[in-house]
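Let me begin by presenting the structure, written as structure tokens, before commenting on it.
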Amino acid sequence: MQASAGLTLREEHRCHGGSVQFYEHQSEVLGLPARFGVFLPPAALEGKRVPILYVLAGLTCTDETFLIKSAALAEAARLGLAIVAPDTSPRGAGVPGEDTDWDMGTGAGFYLDATQEPWSRHYRMDSYISRELPALVEAALPLDGTRRGITGHSMGGHGALVHALRNPEFWKSVSAFAPIVHPSAVPWGEKAFTTYLGTDRTAWRAYDAVCMLEDGLSHPTTILVDQGDADQFLERELQPWHLEKAALAVGQKLTLRRHAVYDHSYWFVQSFACEHLRHHAAILGAL
């Protein structure tokens, strides 16, 4: 298929007057081929540079998950909002054990830069999301890099919060679906952080949204978070009350919406995805 600016177009499908595209490229940061998906709204196909929402998926997901399952592309087309969906980890790094557990390794990069060998050679999703991917995709496609937001689900919600708090000028808007808000204090996060970052818990704070708020980082806009009260991971892994408490303590604007009977699945995500798109569009100045 055709290539542009180092990108190989693997698939393209018309959708709601726009275009869903899946790309592959050789990542210098990851040292491996990487894939991502894009939705370009009709306005972009007409040559207008449109605002972008980067969507980080959760454990075991891929670059296709949100685009296929969120039921949000009609709203993105209406708003004139592009969506960029990266993969959730490097693929084929050859690290022993990376395919043993569903919550570690392949599909579970936690959007951080690993510091521990052998993970540190390829597991550098932080640098990929914060530098390489935006530079590449925004140069190749009709996207307005001055109007860039970020959201995510579960592990991806963790990634969205962390990236936005660290660089609010780069990520102008932020939201999350059922995020892992305090990974340093829950099993998923403790497992991943110990493996990727080592046992020094002070190094974990740079990848923990609650700790980042405690350490003085913030975002100038309101953070939107949706959480299902019937989420099977709520008590053990997600614990959104920690984010609520930390935000209140430092004056971070936060809208945390709890929804009775909703679980952790994409049925939950698609129920509120369009509202998240409108949240970002209002800040980014979409149509």
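Which of the following residues is touching a residue at least 40 places away in the same chain (Cβ under 8 Å), in contact with a helix residue (DSSP H, G or I) (Cβ under 8 Å, 6 or more places away or on another chain) and under 20 Å from ALA57 (Cα atoms): ALA192, ALA203? Can you show your working first?
Numbers: ALA203 fails: under 20 Å from ALA57 (Cα atoms).
Of ALA192, ALA203, the one residue that is touching a residue at least 40 places away in the same chain (Cβ under 8 Å), in contact with a helix residue (DSSP H, G or I) (Cβ under 8 Å, 6 or more places away or on another chain) and under 20 Å from ALA57 (Cα atoms) is ALA192.
Kindly state which strands (runs of 3 or more DSSP E) lie completely within the range 1-93 and contain at least 1 residues that are open to solvent by 50 Å² or more (accessible area, probe 1.4 Å). Walk me through how you get there before you give the answer.
Values: elements: 7-15, 18-27, 32-40, 50-56, 82-86.
The strands (runs of 3 or more DSSP E) meeting that bar are 7-15, 18-27, 32-40.
Residues to consider are VAL162, VAL181; find the one that is buried (at least 16 other Cβ atoms within 10 Å of the Cβ), in a loop (DSSP other than H, G, I, E, B), in contact with an Asp or Glu (Cβ under 9 Å, 6 or more places away or on another chain) and in contact (Cβ under 8 Å) with a residue 24 or more places away in the chain.
Numbers: VAL162 fails: in a loop (DSSP other than H, G, I, E, B).
Exactly one of VAL162, VAL181 is buried (at least 16 other Cβ atoms within 10 Å of the Cβ), in a loop (DSSP other than H, G, I, E, B), in contact with an Asp or Glu (Cβ under 9 Å, 6 or more places away or on another chain) and in contact (Cβ under 8 Å) with a residue 24 or more places away in the chain, namely VAL181.
Within the range 230-245, track down each residue that is without any contact (Cβ under 8 Å) to a residue 60 or more places away in the chain, over 24 Å from LYS69 (Cβ atoms) and open to solvent by less than 60 Å² (accessible area, probe 1.4 Å). Give the steps one after another, and end with the answer.
Initially, the range 230-245 is screened for residues without any contact (Cβ under 8 Å) to a residue 60 or more places away in the chain, giving 230-232, 234-237, 239, 241, 244-245.
Subset that is over 24 Å from LYS69 (Cβ atoms): 235, 239, 241, 244-245.
The answer is GLN239, and nothing else.
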- [ ] Look at HIS276 and say whether it is open to solvent by less than 40 Å² (accessible area, probe 1.4 Å), over 19 Å from THR65 (Cα atoms), in a helix (DSSP H, G or I) and not aromatic (Phe, Trp, Tyr).
- [x] no
Open item on the list: Among (1) without any contact (Cβ under 8 Å) to a residue 60 or more places away in the chain; (2) of a type in the set (A, V, I, L, M, F, W, C); (3) open to solvent by 10 Å² or more (accessible area, probe 1.4 Å); (4) in contact with a helix residue (DSSP H, G or I) (Cβ under 8 Å, 6 or more places away or on another chain), there is one condition MET212 misses while meeting the rest; what is its number?
Closed with: (3)
Open item on the list: Criterion first (closer than 10 Å to VAL181 by Cβ and under 19 Å from the mean Cα position of the chain (by Cα)) does LEU224 satisfy it?
Closed with: no
Open item on the list: Could you go through the range 57-70 and let me know if any residue there is over 18 Å from the mean Cα position of the chain (by Cα) and within 19 Å of GLY92 (Cα to Cα).
Closed with: no
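Restricting to the range 40-59, name every residue that is of a type in the set (D, E, K, R) and farther than 13 Å from GLY145 by Cα. It would help to see each step written out before you state the result.
First pass over the range 40-59, keeping only residues of a type in the set (D, E, K, R): 46, 48-49.
GLU46, the sole residue that qualifies.
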TODO: Working carefully through the options GLN270, GLN232, GLN252, find the one that is farther than 25 Å from THR60 by Cβ and either outside any strand (DSSP E or B) or at pLDDT below 95 (or both).
DONE: GLN252
Task: Given (1) free of Cβ contacts under 8 Å to residues at least 60 places away in the same chain; (2) of a type in the set (S, T, N, Q); (3) farther than 19 Å from ALA114 by Cα; (4) not in a strand (DSSP E or B), index of the condition GLN227 fails - done: (4)
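Quick one: count up the residues across the range 246-273 that are without any contact (Cβ under 8 Å) to a residue 24 or more places away in the chain and exposed (fewer than 13 other Cβ atoms within 10 Å of the Cβ).
Number satisfying all stated conditions: 2.
The values are calculated or read from the model by the stated rules, or taken from the named source; none is laboratory data. Only a predicted model underlies this, so the values are computations on that prediction, with no experimental measurement involved. Counting neighbours? That spans all protein chains shown, and the Cβs are built from the backbone with ideal geometry, glycine included. Only protein heavy atoms, including side chains, enter the accessible area calculation; ligands, DNA and RNA are left aside. Shrake-Rupley method; radii C 1.70, N 1.55, O 1.52, S 1.80 Å.
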